[in-house]
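Here is the structure we will look at.
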Amino acid sequence: MPFPSPTLAARGLLLSLMLMLTACQPAPTQLRIQGKTMGTFYVVTVNDAFPGGEAALQREVDALLVRMNQEISTYDPGSIISRFNQGPAGEPMVIPAGMAKIVQQGIDAGQLTGGKLDVTVGPLVNLWGFGPDKRPVKRPTAEQIAKARDRVGIDKLSLTTQDGKFLLGKAIPDLYLDLSTLGEGAAADELAALLEGKGVSNYLIEVAGAVRSEGHNAKGNPWRVAIVEPSDRPGAIEDVVIPNGMALSTAGSYRNYYELDGQRYSHIIDPASGAPVTHRLVSASVITPTALEADALDTALMVMGPEPALAFAREHKLAVYLIVKTEQGFEARFSPQFAPYLQQQQP
Ligand code: FAD
């Protein structure tokens, strides 16, 4: 049974993850780099030697992220995904293996969640002003929503293999593939593979809300990830997670939103209604072996809303941590599978 955390409920809103890096003094081998990517930020901390040192680490991380942007950024009109979106139907496009893996995760998670996650939801995302297009000056009409919804559905997308190549196809010319919700998790996994390929076994990676870690920090302790209070108190911590080599991803409706005519619209779109969600779930965190999978599921849970999300976690035995807005403030609810990762639950 999921159980609420009264301390959290009392203290209020939990809204994002923040890495607890500043508390420890870097050891001589510890390297830390950071930068911007995918419209957000990344931080990579390595507690081992990296061949070529910090400059090489920065160079290789940036090159990997640039390559991923060139593949899956809908914000880059020249990217592979943009060319797919602009291209005709009926002629499948050869795409790189890394991009195919992300698309496949989108298709799989879409099927698992009954279409709550939908990587073709882009026309609706753009209509509501959360994609590369401009913010709307008034609420989209029912007719505009219906028209955008006609273009949505993973049944209109196909991913096949032929002679070792990955072929991406679409059934309608104006299908719009949007992998924004998966990019950060995919990047965290690819960065983890890059580090492990260089013999690094102690690292912490954060790409916005997606976290991968392995081994220990400079003090020899397991990496800890703080869940921070989204209040005016900078850095106030609500809960601490010890991922122990597992991936952690968080989605929320609290940061990316706008107000129009007194109504708040978040960037999480329910493909069934064609509109931003309006329920009281403000944040969903998921722990799975890969950040790509966690990143797919956290958004799907955000679409579902609090009770269905917990029921889904129970059914699929997932490690899930939710923050729900209540009349009294905010309340954390987590599945039994999440409890072992919370520092407060550990002996
Ligand atoms: P998440 O919960 O992980 O994802 C929410 C996003 O997924 C929404 O914003 C929407 O795009 C989409 N979505 C909403 N509902 C659904 C649904 N039901 N099913 C599937 N998807 C849904 N942003 C910029 O502002 N500028 C950039 O240059 C830029 N470049 C990017 C490049 C790449 C390669 C990627 C992957 C993203 C880029 N972004 C950019 C987008 C941005 O960084 C975030 O990915 C986006 O704001 C959502 O991430 P999140 O973690 O906040 O939310």
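The values are calculated or read from the model by the stated rules, or taken from the named source; none is laboratory data. This structure is a prediction, so every number in the text was calculated from the model and none was measured. Cβ coordinates were reconstructed from backbone atoms using ideal geometry, including for glycine residues, and neighbour counts include every protein chain displayed.
State whether one or more residues within region 166-178 are modelled with pLDDT under 95 and among the hydrophobic types (A, V, I, L, M, F, W, C). Among the residues of region 166-178, not one is modelled with pLDDT under 95 and among the hydrophobic types (A, V, I, L, M, F, W, C), which makes the answer no. PRO336 falls short on exactly one of the conditions (1) part of a helix (DSSP H, G or I); (2) modelled with pLDDT of 95 or more; (3) surrounded by fewer than 24 Cβ atoms within 10 Å (Cβ to Cβ); (4) not acidic (Asp, Glu), and that condition is (1). Please enumerate the residues belonging to region 200-221 that are within 17 Å of GLN343 (Cβ to Cβ) and among the hydrophobic types (A, V, I, L, M, F, W, C). Matches in region 200-221: LEU204, VAL211.
Only residues that are more than 8 Å from the ligand (Cβ to nearest atom) and under 16 Å from VAL125 (Cβ atoms) were counted in region 261-275, giving 6. Scanning region 235-280 for residues that are crowded, with 22+ Cβ neighbours inside 10 Å, among the hydrophobic types (A, V, I, L, M, F, W, C) and in contact (Cβ under 8 Å) with a residue 60 or more places away in the chain gives VAL241, ALA247, LEU248, ALA251, ILE269. Of the candidates LYS219, LYS170, the single residue that is basic (Lys, Arg) and within 27 Å of ALA300 (Cβ to Cβ) is LYS170.
When THR45 is tested against the conditions (1) buried (at least 21 other Cβ atoms within 10 Å of the Cβ); (2) assigned to a helix (DSSP H, G or I), the lone failure is (2).
Any residue at all in region 84-94 that's in contact (Cβ under 8 Å) with a residue 24 or more places away in the chain, in a helix (DSSP H, G or I) and either within 16 Å of the chain's Cα centre (by Cα) or within 13 Å of the ligand (Cβ to nearest atom) (or both)? There is no residue in region 84-94 that is in contact (Cβ under 8 Å) with a residue 24 or more places away in the chain, in a helix (DSSP H, G or I) and either within 16 Å of the chain's Cα centre (by Cα) or within 13 Å of the ligand (Cβ to nearest atom) (or both). Evaluating SER283 against the criteria (1) surrounded by fewer than 20 Cβ atoms within 10 Å (Cβ to Cβ); (2) under 15 Å from the mean Cα position of the chain (by Cα) leaves one unmet condition, (1).
Every residue, every condition in (1) part of a helix (DSSP H, G or I); (2) surrounded by fewer than 16 Cβ atoms within 10 Å (Cβ to Cβ); (3) at positive phi, yes or no:
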site	(1), (2), (3)
LYS101	yes, no, no
GLN104	yes, yes, no
ASP108	yes, yes, no
GLN111	yes, yes, no
ASP118	no, no, no
ARG139	no, yes, no
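For the condition among the charged types (D, E, K, R) and either closer than 19 Å to GLY183 by Cα or touching a Lys or Arg at 6+ places or on another chain (Cβ under 8 Å) (or both), LYS101 qualifies.
In region 317-334, which residues are under 19 Å from the mean Cα position of the chain (by Cα) and not aliphatic (A, V, I, L, M)?
Filtering region 317-334 for residues under 19 Å from the mean Cα position of the chain (by Cα) gives 318-324, 334.
Listed by number, the residues that qualify are TYR321, PHE334.
Annotation: of all residues in region 141-172 being more than 15 Å from the ligand (Cβ to nearest atom) and assigned to a loop (DSSP other than H, G, I, E, B), the one that is farthest from ALA100 (Cα to Cα) is THR141.
Here GLY183 fulfils each of the conditions (1) at pLDDT 95 or above; (2) within 20 Å of ASN256 (Cβ to Cβ); (3) surrounded by fewer than 21 Cβ atoms within 10 Å (Cβ to Cβ) apart from (3). In the set (1) within 11 Å of the ligand (Cβ to nearest atom); (2) farther than 21 Å from ALA89 by Cβ; (3) in a helix (DSSP H, G or I), GLU196 fails one condition alone, (1).
Under the condition of being buried (at least 17 other Cβ atoms within 10 Å of the Cβ) and not in a loop (DSSP other than H, G, I, E, B), the residues counted in region 70-83 number 5.
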